[in-house]
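This report concerns only the one structure given below.
The values are calculated or read from the model by the stated rules, or taken from the named source; none is laboratory data. In this text the structure is predicted, and so the values were computed from the model without any measurement. With ideal geometry, Cβ positions are generated from the backbone for all residues, glycine too; neighbour counts draw on all protein chains shown.
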Amino acid sequence: MITRNKGAEDVMPSESYIWQTVERAAANVAQLYGFSEIRFPTFEKTELFVRSVGETTDVVQKEMWTVKGRESTYTLRPEGTAGCMRAVLQNGLLNESMPQKVYYQISAFRHENVQKGRLWEFHQFGAEMVGAADPSADAEVIAFARELLDTLGLSEARLHINSIGCPECRRAYYDKLREYFAPYREQLCSTCQSRFDKNPMRIIDCKSPEDKAIAKDAPVITDYLCDECREHFDTLRSLLDGMGIAYEVDPRIVRGLDYYTRTVFEFISDSIGAQSTICGGGRYDGLISEMGGPQTPALGFAMGIERVILAMKAVGYDFGEPSVCDLYIASMGADESRRAAVIANSLRREGGFRVETELCGRGFKAQLKYANKIKAKYLLVIGQTELETGKASIKNMKTGEQTPVDLNSGFNDTFMNTYVADRVSAELPD
RNA sequence: GUGGGUAUAGCGUAGUUGGUUAACGCGUCAGUUUGUGGCACUGAAGAUCAUCGGUUCGAAUCCGAUUAUCCACCCCA
């Protein structure tokens, strides 16, 4: 037997309705915030990710799925922003009125060590806003993510924000950091020693206890922001305060994607183990120009669907029941089952009901058991008598009550009336 | 890329110091007299014990490799 390879996941019907719950909620909230769906290819020229995500990042250096095509080298998208911005730029959305707001639900690919909540192929909901430089845009995007998580029952996810400044203030900050770490350089862990030159900001985020101790009093970026970046960050914070969105300023959020500028943020869940970041995003004012477009401010976020679902399960979110059968038609004999199929089809088409008939040749009793098993709300039996006389009855499987029906006239109406009447009486208080 | 754990029917598990036909629960299917479900009872199907190799008279059980999975690091969503 050929089996699924690692790092990928099958979603069975018993799970897929959970995914649908998340996807529908995401689309609904996106609409509330004025975001429209955008779709773009699963793969792009490798060059796009190298330039936008950043040549020195782990994602580009060791996690990309790259294939050599005949004309070029292509990569399965490791994230959504780069391809999304390429599409926005290439299709002239920047010539429309600003801001442009788009969202997407995609799978993305990274070649990492597999763990729960971290797969080779994983799924993201992402949203991007283009053309707005004002901190109010940052606030709206964060509010959007917050609202979506709340809708999904994940109010427990904590918001961490930080500003990593613009390239200018970051350069100055890097110098300060190197100055600070220089005396300890030999004591740092090996990865941090290489970070010293490449990206000293990452040392602050190191998990090693020794490095943590060394970094305890390191300068924080927020103290070295230029006036404009500082004001941007302060305004964002007061906007979040005003909207009643709780956050924690976390100078250790650095983000592993090079394109971020100024605002970066993460939502962290405590309920799903080590892969606790369920949403991450920020501003990337330099990305579009880096890709060859005009200097255009932009920002966005992405949510990991697998992690979101893990967190929802962990907090006991009620996903409800998967779709239920409205009517099961039991039948005995070939003519009877033909009739059952006709009735079923007409009820589906005219009434929009989910109707099932016997398709596996079960005996009568087994059909009833099956009807019970699939939680059919109503039962209709078609035997020889019913076929000959046209007289049958609809049984409410919950109460056992039976309502007489005429198969030859007005059956659909009778069924619908019974259905509605039972539902209303069930809703009435005693 | 580094370190560690796990691998037995569709699912969840048992299997004692290696010793005959690998057990149980759930699920599936069929029955418990002829046309009305849920409960209960009876029975059936379903496992090359992850794969390959080794040790042994004999391996689900011990050893090695491979694969998958989980945990931590790293990184990220």
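Points worth noting:
- Of all residues in the stretch A:86-106, those that are closer than 20 Å to residue A:29 by Cα and either in contact with a Leu (Cβ under 6 Å, 6 or more places away or on another chain) or among the small types (Gly, Ala, Ser) (or both) total 1.
- Subset tally (residues that are within 21 Å of residue A:349 (Cα to Cα) and touching a Lys or Arg at 6+ places or on another chain (Cβ under 8 Å)) for the stretch A:382-404: 1
- Odd one out for residue A:235, checked against (1) touching a residue at least 24 places away in the same chain (Cβ under 8 Å); (2) more than 16 Å from RNA strand B (Cβ to nearest atom); (3) not assigned by TED's automatic domain parsing to the domain that holds residue A:276: (3)
- From the list A:34, A:7, the one residue that fits, being out of contact with any Asp or Glu (no Cβ under 6 Å at 6 or more places or on another chain), outside the structural domain of residue A:296 (by TED's automatic domain parsing) and surrounded by 11 or more Cβ atoms within 10 Å (Cβ to Cβ), is A:7.
- Residues in the stretch A:236-275 that are in a strand (DSSP E or B), within 22 Å of residue A:166 (Cα to Cα) and not β-branched (Val, Ile, Thr): A:248, A:262, A:265, A:266.
- None of A:330, A:302 is buried (at least 17 other Cβ atoms within 10 Å of the Cβ) and within 24 Å of residue A:30 (Cα to Cα) except A:302.
- Within this structure, residue A:400 fails the test of being exposed (fewer than 13 other Cβ atoms within 10 Å of the Cβ), more than 7 Å from RNA strand B (Cβ to nearest atom) and at pLDDT below 95.
- Answer residue from the stretch A:143-188, given it is over 30 Å from residue A:28 (Cβ atoms) and not in a helix (DSSP H, G or I) and is modelled with the highest pLDDT among those: A:163
- In this structure, residue A:14 does not satisfy being of a type in the set (Gly, Ala, Ser), crowded, with 17+ Cβ neighbours inside 10 Å, within 16 Å of RNA strand B (Cβ to nearest atom) and assigned to a helix (DSSP H, G or I).
- Selection from the stretch A:334-373 of residues that are within 9 Å of RNA strand B (Cβ to nearest atom) and not in a helix (DSSP H, G or I): A:360, A:361, A:362, A:363
- Per the listing A:393, A:425, A:331, the residue uniquely over 24 Å from residue A:17 (Cβ atoms), among the hydroxyl-bearing types (Ser, Thr, Tyr) and away from RNA strand B (no atom under 13 Å from the Cβ) is A:425.
- When the stretch A:212-240 is filtered for residues that are within 20 Å of residue A:175 (Cα to Cα) and among the polar types (S, T, N, Q), only A:222 remains.
- Any hit, the stretch A:97-120, residues being more than 16 Å from RNA strand B (Cβ to nearest atom), exposed (fewer than 15 other Cβ atoms within 10 Å of the Cβ) and not basic (Lys, Arg): yes
- Residue selected from the stretch A:276-294 under the condition under 22 Å from residue A:144 (Cα atoms) and assigned to a loop (DSSP other than H, G, I, E, B), by the criterion nearest to RNA strand B (Cβ to nearest atom): A:276
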